[in-house]
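The values are calculated or read from the model by the stated rules, or taken from the named source; none is laboratory data. Please read these numbers as outputs of a predicted model, since none were measured by experiment. So basically every Cβ, Gly included, is an ideal-geometry build from the backbone, and we count neighbours across all protein chains shown. Note: areas computed on protein heavy atoms with side chains; ligands, DNA, RNA excluded. Shrake-Rupley method; radii C 1.70, N 1.55, O 1.52, S 1.80 Å.
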Amino acid sequence: MARIVVKFGGTSVATVERIRQAARHVKREVDAGNEVAVVVSAMSGKTNELVGWVNEASPLHDAREYDAVVASGEQVTAGLMAIVLSEMGIQSRSFAGWQVPIHTDDSHGAARITEIDPTELDKRMTSGWVPVITGFQGVSPHGRVTTLGRGGSDTSAVAVAAAVKADRCDIYTDVDGVYTTDPRIVPKAQRLTKISFEEMLEMASLGAKVLMIRSVEMAMAHKVRLLVRSTFDDPDAPQLAPDGTPGVPGTLVCDEDEIMEKQIVSGVTLAKAEAKITLRDVKDNPGVAAAIFGTLADQGIIVDMIVQNIADDGATTDITFTVPDSEYDKAIKTLKDAGDRIEYARISGSKGGAKVSVVGVGMRSHAGVASSMFKALADKGINIQLITTSEIKTSVLIDEQYAELAVRALHTYYGLDKKDA
C-alpha cells in the first residue's frame, strides 16, 4: 500500500465527462489499496474568465477580492470531483485551501505556502476517505483567501504530498510524460522513464512546459517524487512503463541517486523569441553590473544569458545579455533613460534569437560535452552568438530560423533518437 497525492490540471477536468475520466484513475489507485488525496485545478479556461470579470468590474481592484473571485474556479472542480467519486462508491469530500488549512503569506495573487496542517487530511486518508483539495490557493495570516499565481496547482499538490508524507505525487496532464525533446519538432523523441530533479528543473527553466518551476523546486527541497502521466490514458488498461514492461506509466522525477544509468545528455530544450542586447565600451568600475541589471530588475525585466568581455586596456567592457522579445523595447528604453548612471558608448541589439540547450546529470563526469555540441552545430552550418554553461547544462543562442534544425541535430548527435536512450 502506498500513499499518493494525485493532481489534475485544467484540461484534465475541463468538463464533467473529463472529471469522470480523471476519477477513474483515482478509483484504480483506491482499488489497489492505496491511500489517495486529490488536488484539482479550475476547469480549463475558467480562471481566465474569472480574471476577465474582475478586470471588467474594475481595472484598479483590491487584490484580496481578486483572490476571492479567482479562487472560486478550483472550488467548483473540487466539489464536482467529490460528487463523482462518491457516485463511484468512494468516500470523498472537498476541501478549500482554508479548510485544510494551507497557510500562505499575505502576497495576494502570488502567495507562497508557509505551512500545511496535515491533521485532517491524515485522518481522512487513514480511514479510507479521498479528500479533494482545491489547488492554487490557501489562507493568509489575516484569514483571507489567497491564490498562488502561475503554476499554483502543481505547487499545492507537491506541498500537500510533503505534508502528508506521500510516497509520490502524480501529476496528471495532457501529455504522457517527459520527453527527450518536443515531439512536435523531433518525432523520434523518446519518453524518459526517470529524470532527476535537477534535470527537470533545468528543462523547465529552459523552455520545457511539462512542469512549473516552483513545483519542481519544492519537490526537490522536500524529496517528493513526482510522476508525470496522462489523464487521457485508459484507467483500466494494463499499467506499463515507457519501455513496455509492467510498471508505472509516465516519467518519474526523483533524486539522482534513484537513477542507475545516467545519460550524458537527457534532453534538448528550445526557447524561442529571445532578444540580444549589447552595451559597448561600458566603464569597467566596481558595481557597474549591479547598476545595469538592477535597473532592469526594477522594471520587472527578466535577464537570462549574460556574457562580459574586458577590453585590452582594462578600462572598458562589453556586456551582452538576453531578454524575451516582448521585453526588448522596454529594456532598450530603460537602459537609455539610465545613461546618466551607467556609462557606456552605445547600445545595440536584435530580436529573433533562440536558445537551444542540452541537459544531463551525466555531464558532471564527462568532459567535452560543450565542445561536441558546438561541433554538431558547426556541421550544420549554424552560427553560435552566445554561450552559457552550468554543471549539468550548456545553452547557446542562435538565429531562430535554425532553431528546429539545431534541436534535431543535437537530439540525433547525442543518441536520443534511439529507444534505449
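What to note about this one:
- Residues in the stretch 398-421 that are under 18 Å from Ile306 (Cα atoms) and either modelled with pLDDT under 90 or open to solvent by less than 60 Å² (accessible area, probe 1.4 Å) (or both): Ile398 only.
- Filter result (in contact (Cβ under 8 Å) with a residue 12 or more places away in the chain and part of a loop (DSSP other than H, G, I, E, B)) within the stretch 356-370: Gly360, His366
- Scanning the stretch 133-166 for residues that are assigned to a loop (DSSP other than H, G, I, E, B) and either open to solvent by 10 Å² or more (accessible area, probe 1.4 Å) or over 29 Å from Asp234 (Cβ atoms) (or both) gives Phe136, Ser140, Pro141, His142, Gly143, Arg144, Leu148, Gly149, Arg150, Gly151, Lys165, Ala166.
- The set of residues in the stretch 167-182 that are of a type in the set (Asp, Glu), closer than 17 Å to Leu240 by Cα and surrounded by fewer than 20 Cβ atoms within 10 Å (Cβ to Cβ) contains only Asp176.
- Only one of the listed residues (Ser395, Ser348) is among the small types (Gly, Ala, Ser), at pLDDT below 95, more than 29 Å from the chain's Cα centre (by Cα) and in a strand (DSSP E or B). That residue is Ser348.
- Taking each residue of the stretch 71-83 that is closer than 20 Å to Arg24 by Cα and looking for partners that are open to solvent by 10 Å² or more (accessible area, probe 1.4 Å) and charged (D, E, K, R) with beta-carbon atoms closer than 6 Å, six or more apart or interchain, yields Ala82/Arg93.
- Filter pass, Arg64 being within 16 Å of Tyr172 (Cα to Cα) and modelled with pLDDT of 95 or more: no
- Across the stretch 183-239, the qualifying residues are those that are of a type in the set (Ser, Thr, Tyr) and touching a Pro at 6+ places or on another chain (Cβ under 9 Å), and the one among them that is surrounded by the most Cβ atoms within 10 Å (Cβ to Cβ) is Thr193.
- Hits in the stretch 88-131 (condition: assigned to a strand (DSSP E or B) and more than 16 Å from Ala68 (Cβ to Cβ)): Ser92, Arg93, Ser94, Phe95, His103, Ile113, Thr114, Glu115, Ile116, Val130, Pro131
- Residue in the stretch 368-384 that is polar (S, T, N, Q), open to solvent by less than 50 Å² (accessible area, probe 1.4 Å) and under 26 Å from Ala204 (Cα atoms) present: yes
- The stretch 12-47: number of residues that are among the polar types (S, T, N, Q), within 21 Å of the chain's Cα centre (by Cα) and open to solvent by less than 50 Å² (accessible area, probe 1.4 Å): 3
- The conditions of being free of Cβ contacts under 8 Å to residues at least 60 places away in the same chain and not polar (S, T, N, Q) are met by Tyr402.
- Residues of the stretch 1-11 that are within 18 Å of the chain's Cα centre (by Cα) and surrounded by fewer than 19 Cβ atoms within 10 Å (Cβ to Cβ): Thr11 alone.
- Residues of the stretch 290-310 that are loosely packed, with under 15 Cβ neighbours inside 10 Å and either touching a residue at least 60 places away in the same chain (Cβ under 8 Å) or touching a strand residue (DSSP E or B) at 6+ places or on another chain (Cβ under 8 Å) (or both): Ile302, Ile306, Gln308, Asn309, Ile310.
- Inter-residue pairs, beta-carbon under 7 Å, first within 17 Å of Gln401 (Cβ to Cβ) and in the stretch 371-389, second open to solvent by 70 Å² or more (accessible area, probe 1.4 Å) and part of a helix (DSSP H, G or I), 6+ apart: Ile382/Tyr402
- Subset of the stretch 240-280 [at pLDDT below 90, open to solvent by 40 Å² or more (accessible area, probe 1.4 Å) and not acidic (Asp, Glu)]: Leu240, Gly244, Thr245, Pro246, Val248, Met260, Lys262, Gln263, Ile264
- Taken over the stretch 202-261, the criterion of being in a loop (DSSP other than H, G, I, E, B) and β-branched (Val, Ile, Thr) is satisfied by Val210, Val224, Thr231, Thr245, Val248, Ile259.
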